[in-house]
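Each remark here refers to the structure printed beneath this line.
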Amino acid sequence: MRYCMVIDLDKCIGCQTCAVICKMHHAQPQGTWWNRVFTQGSDYHQSAVGTKDGFKIEYLPVSCQMCDNAPCERVCPTGATYKNEEGMILVDYDRCIGCRTCMAACPYGVRQFNWKDPKKAKEEAGYAYGYPFDVTEKGKRLVYTQDRPAGVVEKCTFCVECMNADGTYDALPACVRACPGKARYFGDLDDPNSEVSRLVSSKQVFRLKEEYGTEPKVYYISSTKSKNVEGPWTEQSWENKTPNTIIP
Amino acid sequence: MDKELKLTRRKFLQVSAAAGAVAAAGGIELAAHAAPDEEAKKGELKYVRTTCAPNCTGGCGQQACVYNGEIKDIIQASDYEDSEHNPRGCLKGISFSNLIYGPNRMHGPLKRIGAPGEDEFEELSWEDALDQAAAELRRISDTYGPESIACVVQVAGTGHVAKGAISRIATLNGWAMMGGYEMNGDLPMSAPITFGVQSEELETYCWLDAKYIMCFGSNPMQTRIPDAHFLNEARENGAKLLVFDPCFTATASKADEWYSIKPSSDAAVALGFAKVILDEKLYDADFIRKFTDMPILIRSDNQKKLLAADVEGLEVPADMPEYRQAFVAYSKGKPVTVNPEKFDLPMDTQLEGEVTIRLRDGKSVKCRPVFDLLSEMASQWTPEAVEAETDMPASEIPRIAREIATIKPVHIMYGASNYQWYHGDLKGRALSLLVALTGNIGHLGDGFSTYAGQYKMRYKGGAWWNVPELPDKKPAGTSFAYMLDYTLNDYAKNGPRPTMTCPFPKSGIKAWILYCCNAFDQHNIANVLREQVESGQLECVITLDFQKTTTSKYAHFCLPGVSWYEKTELVSTPIHPYAQLMQPAIEPLYDCKPELWIMRELADRVNPGDRKWFYPDLDPDKAAEEVIKLTCETGGIEMEGVTLEKLKQGPVKLHHENPGRKRIPFYEQIQGGQPFPPVSYPMTIDKTAQFVKSGRIEFYKDEDTFIKVGECLPVHKPPFEETEYVLNPAARELYKYTYITRNSIHRVHSTHSNNQMMRELQDDSAKVYLNPDDAAEKGIAAGDLVEVFNDRGKLLAEAVLDPGVRTMTVIFEEGWWSRYTHGTSYNTLLYPWINPVHEVYFVSQMWAPNTSWNECLVDFKKAEI
């Protein structure tokens, strides 16, 4: 079992619903986004790039790439970040000491650090939203809790709270279920008959920063409309962004 | 691995389509975390299916996860029988709980004690607040007449129970119902003018059935997030998508072709296509003879349609209803009566040439068919002339015209960015011409759609919206235009213009009851409205909204209602075919009350005893259920088979008459032989059929005002010539930038301005989108604070340099509360231009004076603060 996500960039409409459902569902406080949507090459979301000879607005949703060869896992000094039997990279919040080495190691900038007590931050901004129950693996690894402690690192879990004991999912990850563009697919890459395997083998797909050898398990189906601007994606599109935008 | 919790989740997900699946979480195995949260085990978890119903009119089914009486998250219910509609919902709907529990949530009734706009209120008990508000309304009614009290409910279909309750109190007391359509500038006037309807649009799953889709100033990839996938899928199915928009939009980015045309030049583009279709005889002659007014003869002496009653030897059909007119066509060398109730003209009816007709009075008159006049008018729009006027490349015009004429079905989407102009109606009429000439009306996947201002009721609501037991009681009619005291539209000062047909309250509007309406931020012209409170012209403003908005701060009384997670309601809008319930996921928060309860209590205090008209013995949710039952029973053919019991199980599809699972606009006319128009609820046919007296699709209007302004035919008229340049001729030099207020993905108009997650996604600042060259000329860099200004007002917002923005265009995403734009208001720049053709008839929310938000010129500079 090796779960992966496929995102069709032709179908993605850049609406950010995936980012918001993830934030709401997983109780992310202000400033924290496990999942973000960028407009490739553009300084501001949904504004065009190019010249009058050819414009383009093309999106790139970015969350944890669930690497098979995950640098974050290798650098974690406490074993808090680990890969489970289904190939998902998870953080055990009980073990995380907040050293943030993983954040430096991750080439995708998706790991988020709790500078403040998230519970307090949410209550100040509104109320205590999010999935209210704890989720543990192996009876001991706390991989989801509504209010993570201050000083831990967190990120996308492929909605581990939706996974059954046998590794099957009873509800797809929230971003897949909520995507109004129907752009997201989720399934087992080891199963050659799964929809994700079929897409990965039949469509023109790419992964982010493959040159690092991280072997991500998030695949992007290339847009068929990216004729006017170079590359399937550009560094500028998301790397220059501060991950945490905090409202004063 | 201990993941049993997920099994319980699954159980909930499966039953959640039926509302209110409740289980004590303590009774089931939770995640076997080493130390299970004892509190969680004691908690109550339930999933409730309700309907998200702001003024995007999306009507999306949502499922709230409620734990211990608090909404923890929201996700699309995805329970539509036509599964292509799943999942319906967007980033705003799923974060709506930020508004329910947010810092601006109302806690209970308030009376303003500070100056207008100041946040100084006295908390009152409901008893006191209702007593005082009712006393004010009684005083105003006694002093100025009941018609001086106006109620606004915005989109009827988003809440039949609450909005009907407000209409009911207005009916009982003779207060006025003021159309939100007109206030919002959303009235697509081309629809009543051409088709006699309020609007008729494809339900979005029919986008899949079109093969050629043309968007004119419509940006569904941002404004119709739950439906946008249908456009992508239509392209996957082989449809071609063309976008005509001054700017490169998110929708343009998904299109096969995009053309940056000059703002408000669409009619010329359409006429350029029409000319090719006419010249090359690519039109569907049978269709236009049968269903349009193009064969009808126009008198050369007075530009009126020739009446059968005036022609020697012609009979007027005996059983013709009063709202019809029998006109004349010409066939086999003689005039023939055009029966307005039947499509029975001979197929050889003459479309071209001049004929001389003998009248009953012995005189003769020269006449030409509408088609002939149209062809002559269109003939000036050669590809070169079109390019000169619009920037549409001449070389592409013949090809696109041929594609329109040969590929079926063609669907034209006409966006509000495009029709919120002084000549928005002309553009819509010219674009309608393309689908009419090519017979692309009345079949699956074809037609002409507008998707803003979806106020249309899907079924009869009169049993609740009015009081059928008291047939003499009626709400008054009025116009938002009467509140706008301006040089060119001085209704408030001088009364209506002679051409105005809308009833005028003799003292003006003195009290305003607002629901789902943040007028003092959102409306054209908010600053004028604010001044009316400050000056005392508006003596009593009451808002029912559940949040403290800018409007609350100008209200005299806040009588807070509740959100769509706290009550029972009925929702059905035109975008998809489902009737749905709102169901209470949580108790009304704090001391807020369902609006039906508020109206019942208010009605009884305005007029003792009137409680009896609002199900006095039932709690608000039970009373709402009775209203829904009544509406199901009396809603007419569309409500066939819809019951409260079924609605409680999930969304119920409304009935339609045409075969197949998707409703087809104008099917009854094109394929069933019924005359135009189909009924537009809540109006009866006699009110709307007068718009198209011929019973046909009309491209020639002969009412005096149309003749006077030279708009009998759908001609092109450039923007600003009759508006900005009349008001201030110097504007030509002073204000060269077109100011367009488009919709944002982060707001539904002003709703969600304060949603903290939406604010984060926008870096917590309002943006103005500029072309980089324009910005460079003014020394403006990305992120600079910019002042957009004209003689009327100013706006402060942060610059985004977007090369897709057409030069000489300034784009602002409407809806921001003024607290987020440094106290400025984006709509103070606007002017309430009223086009006289909007005054020809008055049928509220259909043919009425309509504001034009994009007809606005500005300049901008780097702000100094």
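The values are calculated or read from the model by the stated rules, or taken from the named source; none is laboratory data. Predicted model, so just to flag it, every value in this text is computed and none were measured. Neighbour counts run over all protein chains shown; Cβ positions are idealised from the backbone, glycine included.
Within the range A:32-64, how many residues are among the small types (Gly, Ala, Ser) and out of contact with any strand residue (DSSP E or B) (no Cβ under 8 Å at 6 or more places or on another chain)?
Final tally of qualifying residues: 1.
Quickly run through the range B:668-721 and pick out the residues that are of a type in the set (Ser, Thr, Tyr) and buried (at least 18 other Cβ atoms within 10 Å of the Cβ).
B:SER680, B:TYR681, B:THR688, B:SER694, B:TYR700
State which residue pairs qualify: first residue in a loop (DSSP other than H, G, I, E, B) and inside the range B:289-310, second residue of a type in the set (D, E, K, R) and at pLDDT below 95 in any location, beta carbons under 8 Å apart, and separation of 6 or more residues or different chains.
Qualifying pairs under 8 Å: none.
Looking at B:ALA436, B:ALA388, B:ALA401, B:ALA405, can you tell me which residue is in a helix (DSSP H, G or I) and under 18 Å from B:ILE193 (Cβ atoms)?
Among B:ALA436, B:ALA388, B:ALA401, B:ALA405, only B:ALA436 is in a helix (DSSP H, G or I) and under 18 Å from B:ILE193 (Cβ atoms).
Restricting the search to the range B:80-114, which residues are farther than 21 Å from B:TRP126 by Cα, more than 7 Å from chain A (Cβ to nearest Cβ), part of a helix (DSSP H, G or I) and hydrophobic (A, V, I, L, M, F, W, C)?
B:LEU99
Here's the yes/no breakdown for (1) within 14 Å of chain A (Cβ to nearest Cβ); (2) surrounded by fewer than 24 Cβ atoms within 10 Å (Cβ to Cβ); (3) on the phi < 0 side of the Ramachandran plot; (4) aliphatic (A, V, I, L, M):
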position: B:GLU203; (1), (2), (3), (4): no, yes, yes, no
position: B:ARG224; (1), (2), (3), (4): yes, no, yes, no
position: B:GLU233; (1), (2), (3), (4): yes, yes, yes, no
position: B:ALA252; (1), (2), (3), (4): yes, no, yes, yes
position: B:ASN302; (1), (2), (3), (4): no, yes, yes, no
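Mind checking which residues of the range B:73-97 are out of contact with any helix residue (DSSP H, G or I) (no Cβ under 8 Å at 6 or more places or on another chain) and without any contact (Cβ under 8 Å) to a residue 40 or more places away in the chain?
Within the range B:73-97, B:SER83, B:ASN86 meet the criteria.
Could you tell me whether the range A:59-81 includes any residue that is farther than 20 Å from A:LYS182 by Cα, within 9 Å of chain B (Cβ to nearest Cβ) and not in a strand (DSSP E or B)?
So far as the range A:59-81 goes, no, none of its residues is farther than 20 Å from A:LYS182 by Cα, within 9 Å of chain B (Cβ to nearest Cβ) and not in a strand (DSSP E or B).
Would you confirm, using the coordinates I've provided, whether B:CYS540 is in contact (Cβ under 8 Å) with a residue 60 or more places away in the chain and buried (at least 23 other Cβ atoms within 10 Å of the Cβ)?
Against the criterion (in contact (Cβ under 8 Å) with a residue 60 or more places away in the chain and buried (at least 23 other Cβ atoms within 10 Å of the Cβ)), B:CYS540 does not qualify.
Give B:ALA781, B:ALA799, B:ALA775 a once-over and let me know the one that is within 13 Å of chain A (Cβ to nearest Cβ), surrounded by fewer than 20 Cβ atoms within 10 Å (Cβ to Cβ) and either farther than 30 Å from A:MET24 by Cβ or without any contact (Cβ under 8 Å) to a residue 40 or more places away in the chain (or both).
Going through B:ALA781, B:ALA799, B:ALA775 in turn, just one is within 13 Å of chain A (Cβ to nearest Cβ), surrounded by fewer than 20 Cβ atoms within 10 Å (Cβ to Cβ) and either farther than 30 Å from A:MET24 by Cβ or without any contact (Cβ under 8 Å) to a residue 40 or more places away in the chain (or both): B:ALA781.
Give the residue that is nearest to the other protein chains (Cβ to nearest Cβ), with candidates limited to residues of the range A:1-16 that are outside any loop (DSSP other than H, G, I, E, B) and over 23 Å from A:VAL153 (Cα atoms).
Out of the qualifying residues, it is A:ASP8.
Give me a count of the residues in the range A:200-222 that are within 14 Å of another protein chain (Cβ to nearest Cβ) and over 17 Å from the mean Cα position of the chain (by Cα).
Counting residues in the range A:200-222 that are within 14 Å of another protein chain (Cβ to nearest Cβ) and over 17 Å from the mean Cα position of the chain (by Cα) gives 1.
Is at least one residue of the range A:103-119 of a type in the set (Ser, Thr, Tyr) and outside any loop (DSSP other than H, G, I, E, B)?
The answer is no; no qualifying residue exists.
Report the residue count in the range B:792-828 for those that are of a type outside the set (A, V, I, L, M, F, W, C), part of a strand (DSSP E or B) and under 25 Å from the mean Cα position of the chain (by Cα).
2
Being outside any loop (DSSP other than H, G, I, E, B) and modelled with pLDDT under 95 is the filter here, so list the residues in the range B:830-865 that pass it.
Correct list: B:PRO836, B:VAL837, B:HIS838, B:GLU839, B:VAL843, B:TRP847.
If A:ASP166 satisfies all but one of (1) in contact (Cβ under 8 Å) with a residue 40 or more places away in the chain; (2) over 26 Å from A:THR101 (Cβ atoms); (3) among the acidic types (Asp, Glu), what's the number of the condition it fails?
(1)
Could you please give the count of residues in the range B:314-342 that are of a type in the set (A, V, I, L, M, F, W, C) and touching a residue at least 60 places away in the same chain (Cβ under 8 Å)?
2
Considering every residue within the range B:312-324, establish whether at least one is of a type in the set (Phe, Trp, Tyr) and outside any strand (DSSP E or B).
So far as the range B:312-324 goes, yes, one or more of its residues are of a type in the set (Phe, Trp, Tyr) and outside any strand (DSSP E or B).
Step by step: first the residues of the range B:138-169, then only those that are of a type in the set (A, V, I, L, M, F, W, C) and over 21 Å from B:VAL571 (Cα atoms), then the one that is surrounded by the fewest Cβ atoms within 10 Å (Cβ to Cβ). Which residue is that?
Applying the filter and picking the extreme gives B:ILE140.
Across the range B:98-123, what is the number of residues that are polar (S, T, N, Q) and farther than 13 Å from B:GLN547 by Cβ?
Selection size over the range B:98-123: 0.
Here is a yes/no grid of residues against (1) at the interface with chain B (Cβ under 7 Å from one of its Cβ atoms); (2) out of contact with any His (no Cβ under 7 Å at 6 or more places or on another chain):
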position	(1), (2)
A:CYS96	no, yes
A:THR101	no, yes
A:TYR108	no, yes
A:PHE113	no, yes
A:LYS119	no, yes
A:GLU124	no, yes
A:GLY130	yes, no
A:VAL135	yes, yes
A:PRO149	no, yes
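From the list B:THR688, B:THR751, B:THR741, which one is more than 30 Å from A:THR17 (Cα to Cα) and away from chain A (no Cβ under 14 Å)?
B:THR688
Just checking, does the range B:14-23 include any residue being surrounded by fewer than 24 Cβ atoms within 10 Å (Cβ to Cβ), at the interface with chain A (Cβ under 7 Å from one of its Cβ atoms), touching a helix residue (DSSP H, G or I) at 6+ places or on another chain (Cβ under 6 Å) and modelled with pLDDT under 50?
no
Does at least one position in the range B:811-826 carry a residue that is of a type in the set (A, V, I, L, M), buried (at least 23 other Cβ atoms within 10 Å of the Cβ) and away from chain A (no Cβ under 14 Å)?
No, every residue in the range B:811-826 fails to be of a type in the set (A, V, I, L, M), buried (at least 23 other Cβ atoms within 10 Å of the Cβ) and away from chain A (no Cβ under 14 Å).
Of everything in the range A:29-58, what is in contact with a helix residue (DSSP H, G or I) (Cβ under 6 Å, 6 or more places away or on another chain), within 11 Å of chain B (Cβ to nearest Cβ), surrounded by fewer than 24 Cβ atoms within 10 Å (Cβ to Cβ) and not in a loop (DSSP other than H, G, I, E, B)? Give them in sequence order.
A:ARG36
Go through (1) under 16 Å from the mean Cα position of the chain (by Cα); (2) part of a loop (DSSP other than H, G, I, E, B) for A:GLN146 and report which single condition fails.
Condition (1) is where A:GLN146 drops out.
Collect the residues in the range B:567-583 that are part of a loop (DSSP other than H, G, I, E, B), surrounded by 24 or more Cβ atoms within 10 Å (Cβ to Cβ) and either out of contact with any Leu (no Cβ under 7 Å at 6 or more places or on another chain) or among the charged types (D, E, K, R) (or both), keeping them in residue-number order.
B:LYS567, B:THR573, B:PRO574, B:ILE575, B:HIS576
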